[in-house]
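Asks: Below you'll find the structure I mean.
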Amino acid sequence: MANCDNSDELKIEMIDDESRNESISRRSFLEKGSAALAAIASLPVLAVGQQTGDVSADKHTAINETQPGPRNKALDAMEPDSVFPPGTDEGGQPPFKYPFSFSRKRVEEGGWTRQVTVRDLAISKKVAGVEMRLIKGGVRELHWHVSAEWAYMAYGSARITAVDQHGHAFVDDVSAGDLWLFPGGIPHSIQGLEPDGCQFLLVFDDGNFNEFATFLLTDWMHHTPKEVLAKNFNVAESTFNNVPARELFIFPRDLPRPLAEEQKQVYEGTSPVQKPFSFFASKMQPTKVTAGGSVKIVDRKNFPATNIAAAIVTVKPGGLRELHWHPNEDEWQYYVKGRARMTVFAAATHARTMDFHEGDVGYVEKSMPHYIENIGDTDLVFLEVFPTPEYQDISLAEWLAHTPSRLVDQHIGTGEDFLSKIAKKEVVITPE
């Protein structure tokens, strides 16, 4: 997780002061005797509730809010909306967050990887995510998997390769902010480039995906008899004497040849793939820009090869990814930088608020309304990813703006003047 900022440290110190003062307050309270207790007991229930609320409204110092026993001070300071949820939260909505920092990291000579799947985040049934780092020259070996692979380059540059079912080749270089998509079953590879390799996020359209159980070239060849390999390629068995005895997975090698040279080589006797697997989102103009931030929407409309839709969202300090929901699929989130909070309303009076930090995963099930608020002092950048080719959302404001104002006012009592001023087109990020 990201380190606590100064405000978080202040919160920890404040909680510690409250704990030290608590024993003094308790002794003073007991010394008042039975008369004081009787006086308090005689107050109306509502008045006692109001008194408690007044004391704890901002600092949560009321006796019923203290935690004199064990607690994780650092984590509590980072997760204020779990420690003291907003009064609008209710019910038993399960967690919809999991930090990549909790995941076991597999470290190899050429880099490292870790994953968040449904085995970690139970609500994430349709999508899994992987973080990977490759050093300069580090190779994620030639492989494929059943699920489609959508990727976001978070740092550095990489060379990616693939071959489709028609024998068409693909080789390209991608940098920070760019994307790629390899459909399920398409063999591919990734290699870190100069000067410092790369780090990227992989998203798979299957919550049960396992990065450590993919189809690897070396693993397959090691488990195929040499005589079969020789017969398949019409060569001597000795050709395969150096096939590794175990998977390479992530390993260091020399840097690839220049891009143009490798493209010329792989295109011989065939042609490039008709729909490139790379998408240069780093060079894309935002789909929507407001005073509160911007969003880039990438789906099959502008990235024909993809069957996974996404939005790259930037929210300025104090801004809000407006109240909305997605009617066609679940939303998997990844927080690139900044601090946020999100409330998810799950119907039947269930609602829960959680806080998010750099490297966290969030998940919102289909059609559940939510917002994402920037609660930090720097830009918030996060990804919305959907296991569907088409991006769809519906905003609360747009819904109300296009529903008869008298009818809406009869529901929420805001007055029709307020309703008439709501923007007729979706804002996406407020302020407008």
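The values are calculated or read from the model by the stated rules, or taken from the named source; none is laboratory data. What you are looking at is a predicted structure, and each value in this text was computed from that prediction instead of being measured. Because the Cβ atoms are built from the backbone with ideal geometry, glycine has one as well, and the counts that use them run over all protein chains shown. Keep in mind that these areas ignore ligands, DNA and RNA; they rest on the heavy atoms of the full protein, side chains included. Shrake-Rupley method; radii C 1.70, N 1.55, O 1.52, S 1.80 Å.
Asks: Can you tell which of W150, T388, V273 lies farthest toward the positive end of the dipole of the chain, using +1 and -1 charges on the Cβ of basic and acidic side chains (Lys, Arg; Asp, Glu)?
Replies: Of the options given, the answer is V273.
Asks: To the nearest 10 degrees, how steeply does helix 6-31 sit against the main Cα axis of the chain, on a 0 to 90 scale?
Replies: It is inclined by approximately 30 degrees.
Asks: Moving on to the next point. Among G293, V118, V408, whose Cα lies farthest out toward the positive end of the dipole of the chain, if unit charges sit on the beta carbon of Lys, Arg (+1) and Asp, Glu (-1)?
Replies: Sorting the options by dipole projection puts first V118.
Asks: For segment 215-270, what D do you get in µm² per second when you plug the Kirkwood radius from alpha-carbon pairs into Stokes-Einstein at 37 °C and 0.692 mPa s?
Replies: The Stokes-Einstein estimate is 240 µm²/s.
Asks: Which residue fluctuates most in the GNM of the chain (Cα springs below 10 Å): T88, T353, T414?
Replies: Ranking T88, T353, T414 by mean-square fluctuation puts T414 first.
Asks: Quick one: of K59/K126; K59/K125; K283/K316; K366/K424; K126/K337; K316/K424, which pairs are farther than 29 Å apart, Cα to Cα?
Replies: Among K59/K126; K59/K125; K283/K316; K366/K424; K126/K337; K316/K424, the Cα-Cα distance tops 29 Å for K59/K126; K59/K125.
Asks: Cross-link candidates for K421: which aspartates and glutamates have Cα within less than 20 Å, leaving aside residues fewer than 8 places away along the same chain?
Replies: Filter leaves E322, E398, D409, E432.
Asks: Same structure, new question: Please report, in debye to the nearest 20, how large the charge dipole of the chain is about its Cα centre when each Lys and Arg carries +1 at its beta carbon and each Asp and Glu carries -1 there. Walk me through the numbers before you get to the answer.
Replies: Working: 43 positive and 61 negative charges, 90 e Å.
With Lys and Arg at +1 and Asp and Glu at -1, about 440 debye.
Asks: With the cut-off at 37 Å, report for the chain the share of all Cα pairs above it, as a whole percent.
Replies: Value for the chain (Cα pairs over 37 Å): 39 percent.
Asks: Right, next: What's the FRET efficiency of A348 with H166 using the Cβ-Cβ distance as r and R₀ = 51 Å, to the nearest 0.05?
Replies: 0.55
Asks: Further question on the same structure: Find how much the distance from R71 to S238 grows on full extension, using 0.36 nm per residue of separation minus their present alpha carbon separation; answer in nm with one decimal.
Replies: My answer for the length gained is 53.9 nm.
Asks: Would you mind calculating the relative contact order of segment 354-432 from Cα pairs under 8 angstrom and at least 6 residues apart, reporting the percent as a whole number?
Replies: Details: 28 pairs, mean separation 19.0, N = 79.
Rounded, it is 24 percent for segment 354-432.
Asks: Quick one: Cα centre-to-centre distance for segment 268-321 and segment 358-380, in angstrom?
Replies: Their Cα centres are 18 Å away from one another.
Asks: For segment 63-208, report the accessible area per residue in Å² (1.4 Å probe, heavy atoms, rounded to an integer).
Replies: Numbers: 5800 Å² over 146 residues.
Heavy-atom accessible area per residue stands at 40 Å².
Asks: A follow-up question, please. Kindly write out, for segment 169-186 in residue order, the coupling ³J(HN,Hα) from the Karplus curve 6.51 cos²θ - 1.76 cosθ + 1.60 (θ = phi - 60°), rounded to whole Hz, with x marking Gly and Pro.
Replies: 9, 8, 9, 7, 10, 10, 10, 3, x, 8, 10, 8, 9, 10, x, x, x, 8
Asks: If you place +1 on the Cβ of every Lys and Arg, -1 on the Cβ of every Asp and Glu, and leave all else neutral, what size is the dipole of segment 241-302 about its Cα centre, to the nearest 20 Debye?
Replies: For segment 241-302, the charge dipole is close to 400 debye.
Asks: Top mean-square fluctuation among A62, A74, A347, Gaussian network model of the chain, C-alpha springs under 10 Å?
Replies: A62
Asks: In what sequence, highest mean first, do 242-249, 65-72 appear when ranked by Cβ atoms within 10 angstrom?
Replies: Most protected by this proxy first, the peptides run 242-249, 65-72.
Asks: Here's another thing I want to ask about it. How big is the dipole moment of segment 175-318 about its Cα centre under a simple scheme where the beta carbon of each Lys and Arg is +1, that of each Asp and Glu is -1, and everything else is neutral? Debye, nearest 20, please.
Replies: The calculation lands at about 620 debye.
Asks: Further question on the same structure: Residue farthest toward the positive end of the dipole of segment 204-335, with Cβ of Lys/Arg at +1 and Asp/Glu at -1: which of V315, W220, L255?
Replies: V315
Asks: With every protein chain present, what accessible area does H357 have (1.4 Å probe, heavy atoms only), rounded to the nearest 10 Å²?
Replies: The accessible area of H357 comes to roughly 10 Å².
Asks: Could you sort the peptides 305-316, 281-292 by per-residue average Cβ neighbour count (10 Å cutoff), highest mean leading?
Replies: On the way: 305-316: 23.1, 281-292: 14.6.
Put in order of decreasing packing, that is 305-316, 281-292.
Asks: Related question: Normalised by the residues of segment 121-193, what does the relative contact order come to in percent, with Cα pairs under 8 Å and at least six apart?
Replies: 43
Asks: In percent, how large is the relative contact order of the chain, given Cα pairs closer than 8 Å and 6 or more residues apart?
Replies: It comes to 16 percent, rounded to a whole number.
Asks: Right, another one. Taking the Cα-to-Cβ direction at I63 and at K231 and moving 7 Å from each Cα, how far apart do the two end points lie in nm?
Replies: 8.5
Asks: Tell me the mean residue ellipticity at 222 nm calculated for the chain from its helices only (DSSP H runs of n ≥ 4, each -39500 (n - 2.57), averaged over every residue, nearest 500).
Replies: Computed ellipticity for the chain at 222 nm equals -6500 deg cm²/dmol.
Asks: Leaving out ligands, DNA and RNA, and with a 1.4 Å probe, what % of the accessible surface on the chain is carbon or sulfur?
Replies: The C+S portion of the solvent-accessible surface of the chain is 55 percent.
Asks: So, one more: Pull out the extension gain between N210 and D417, defined as 0.36 nm times the separation in residues minus the alpha carbon to alpha carbon distance; nm, one decimal. Please report the intermediate quantities before stating the final value.
Replies: Numbers: separation 207, 0.36 × 207 = 74.52 nm, distance 5.33 nm.
This chain segment gains 69.2 nm when fully extended.
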